[in-house]
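Novice: First, the structure itself, so that you have it in front of you.
What follows is calculated from the coordinates using simple rules that are stated; it is not laboratory data. These numbers were taken from a predicted model, which means no experiment stands behind them. Cβ sites come from the backbone with ideal geometry, for glycine too, and all protein chains shown count toward neighbours.
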Amino acid sequence: MAGKQKILIVDDKLENLVVLEKVLEDLDVEVIGARSGNAALAKTLDHKFSMAILDVAMPGMDGYELAGHLRGDADMQLMPIIFVTASYADERDEFAGYEAGGIDFIEKPYSPAILLTKVSMFLEMDRARGDLEEANLRLQQIGEAKSRFLSSMSHELRTPMNAVLGFTDLLRGKNFGDLNEKQEHYLRLINQSGQHLLSLINDLLDMAKIDAGAMEVNWEMFPAEEVVDAMIQMMSAQFRKKSINVIKEIDESFIVVRGETGKCRQILLNLMSNAQKFTDEGGEVTIGISKVDRDYAKFYISDTGIGINEKDREKIFSEFFQSQQTQDANAEGSGIGLALTRRLVDLHGGEIGVDSKPGKGSTFWFTLPLGEVDDEDSSSEESGSHSRLTSVNKREMHILIAEDNDLNLSMMLDMLSIRSYKVSVAHNGQEAVDLVQTLHPDVVLMDIRMPIMDGIEATKQIRSIKEFEDLPIIALSASVAAKEQEEQIAAGCTLHLSKPIQTKLLFETLDQYETSREHG
């Protein structure tokens, strides 16, 4: 703690104050005296005290009443208060002292040695409390710095990937001409490598978010079987490639679990990818759900792969651990997936584990809390049809793009050129605000991080103009942090699209606003 600790001593008799100051002079503290309750309260306005020694019987405001006032100050709620009195009658006086907020009660005449020992002990407790408060403050500052770092790294890492995958998507869609076989092959490889790199970036950022306490669960209830079906569908091509037979085992036809759908999908996808990776061609993978008890559902993914030895099983969920058992060079990984999976399960209050024997396969399992859902809410979020990319002509739609990165701007312009949109460009937030008022676009694609004025402030200024209260403003950001997305929506953005921007998703989103505009 900075500076000397200060002790407030209060007694209406000057000679008693002198004696107390004499007793305390051997301590490395600053002693400040007062001869009444009101005088003592005035001292607290100018000083921060580590403890107080109060006489009980004083004219006007007695020690108990003074203690009540001291305890009413948030800064002194934990401050040690010792009462001293020559009028001790019985335990009722002592009880009144404790009830007033004191932590010790000493009768006059007191032993200076005993008083000094107690004061020293309480001062040490105050020092320890102060050190703890400083440590907590430092931890809070470190956490805030981590959050800022994560936000920055998310933007800096995902922004170039937006261009890589965006241009690849455009070329693979043959929107600017046909490709020969070798070009298509190269683009597939670029896309696969880019998606793999993006996945590693996302996993590393997610791990760091959890470490920084910046990741939360957006609780919802959803049918567990539908999530399993969706992930099996997503993994179907990889399973077919190795001729792996996939079996689904559901104890009950409808188990509703409680958690965040996106994170639960990620858990399943990581474990299913792991099973596919370590299962030989022609093998078998079983994905199942069962109830553990009335509170939890158990998901399990079993494979007929190489299995895991006991030594590796103890480390399998550790960061950057890679088993050396695999004979398939293509099965190498970063060692992040299972560690991240464990942390995501922990966030949901569940458990995760693995049962395995070398050469006999493995069963990874995890639990999630059960929930309840109304019939009206039980429809699959996978339902619904997707619009085709080139099925709608948008000649009359005017889109304003606010983007300062030339590479990403070029990619977005190429994407939008597939359709006959009218497109205007702003290179910072201030230009976007000005052009909205001049051009009256139908939709604004608003990058968030821009010079001069960022996308958040630009959106707020646009929304402050009554004419543009309902203008669709789509936030484009490389940050996937929920807190930042909430900030974008709170500023007035209609919705958020994460970079890398996918052509299909962008056009589906724009189609919705075109339909609304036509019916408006």
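Novice: Counting other Cβ atoms within 10 Å, which trypsin sites (Lys or Arg not before Pro) in segment 217-320 have at most 10 and lie in a DSSP loop?
Specialist: Values: sites: Arg240, Lys241, Lys242, Lys248, Arg258, Lys263, Arg265, Lys277, Lys291, Arg294, Lys298, Lys311, Arg313, Lys315; in loops: Lys242, Arg294, Lys315.
Filter output for segment 217-320: Arg294.
Novice: Which angle between 0 and 90 degrees, to the nearest 10, do you get for helix 112-172 versus the longest principal axis of the chain when only C-alpha atoms count?
Specialist: With both axes taken from Cα atoms, the answer is about 10 degrees.
Novice: Rounded to the nearest 20 Debye, what is the dipole magnitude of the chain about its Cα centre when Lys and Arg each give +1 and Asp and Glu each give -1 at the C-beta?
Specialist: 1800
Novice: Placing +1 on the Cβ of each Lys and Arg and -1 on the Cβ of each Asp and Glu in the chain, which of Ile462, Leu139, Asn202 has its Cα farthest towards the positive end of the resulting dipole?
Specialist: Selected residue: Asn202.
Novice: Could you compute the longest span of the chain free of GluC sites (Glu not before Pro) located in DSSP loops and having at most 16 other Cβ atoms within 10 Å, not counting the site residues? Write out the running numbers ahead of the final one.
Specialist: Working: sites that count: Glu25, Glu216, Glu252, Glu281, Glu314, Glu319, Glu332, Glu351, Glu372, Glu381, Glu382, Glu396, Glu469.
Longest run free of exposed loop sites: 26-215.
Novice: Quick one: what do you get for the chain if you divide its Cα Rg by 2.2 N^0.38 Å?
Specialist: Taking the Cα Rg and dividing by 2.2 N^0.38 Å, one obtains 1.40.
Novice: Something else now. Where a Cα-Cα gap under 24 Å defines reach, which lysines qualify for Lys263, not counting those fewer than 8 residues away within the same chain?
Specialist: The qualifying lysines are Lys146, Lys209, Lys248, Lys277, Lys291, Lys298, Lys315, Lys483, Lys499, Lys504.
Novice: Can you spot the aspartates and glutamates whose alpha carbon is less than 19 Å from Lys311's alpha carbon? Ignore those fewer than 8 places along the same chain.
Specialist: Filter leaves Glu319, Glu332, Asp355.
Novice: What chymotrypsin sites (Phe, Trp or Tyr not before Pro) in segment 170-240 are in a loop by DSSP, with at most 14 other Cβ atoms within 10 Å of the Cβ?
Specialist: Phe176, Trp219
Novice: Summing Lys, Arg as +1 and Asp, Glu as -1, what charge do residues with Cβ under 12 Å from the Cβ of Gly194 carry, Gly194 excluded?
Specialist: Result for the neighbourhood of Gly194: +2.
Novice: Another question about this same structure. Could you work out how far helix 181-211 tilts from the main Cα principal axis of the chain, as a 0 to 90 degree angle to the nearest 10?
Specialist: 10
Novice: Rounded, prolate or oblate: pick one for segment 398-519, where a ≥ b ≥ c are the square roots of the eigenvalues of its C-alpha gyration tensor, a/c under 1.5 means rounded, and failing that, prolate if a/b is larger than b/c, else oblate.
Specialist: Because its axes are fairly even, with a/c under 1.5, segment 398-519 counts as rounded.
Novice: Another one. Go ahead and estimate [θ] at 222 nm for the chain from helices alone: -39,500 (n - 2.57) per DSSP H run with n ≥ 4, summed, over the residue count, rounded to 500. Each step should come with its number before you reach the end.
Specialist: Details: 15 runs with 239 residues, N = 520.
Helices in the chain give a 222 nm mean residue ellipticity of -15000 deg cm²/dmol.
Novice: Straight distance only, please: which lysines reach the Cα of Lys13 with their own Cα at less than 19 Å, same-chain residues fewer than 8 apart left out?
Specialist: In chain and number order, the partners are Lys22, Lys43, Lys108.
Novice: Roughly how far apart, in whole Å, are the Cα centres of segment 441-506 and segment 170-240?
Specialist: 24
Novice: Right, next: With a sphere of radius 9 Å drawn around the Cβ of Thr363, what net charge do the other residues whose Cβ falls strictly inside it have (Lys, Arg +1; Asp, Glu -1)?
Specialist: Charge balance in the 9 Å sphere: -2.
Novice: Restricting to the chain, compute how many DSSP beta bridges are antiparallel as a %, nearest 5.
Specialist: Percentage antiparallel, nearest 5: 40.
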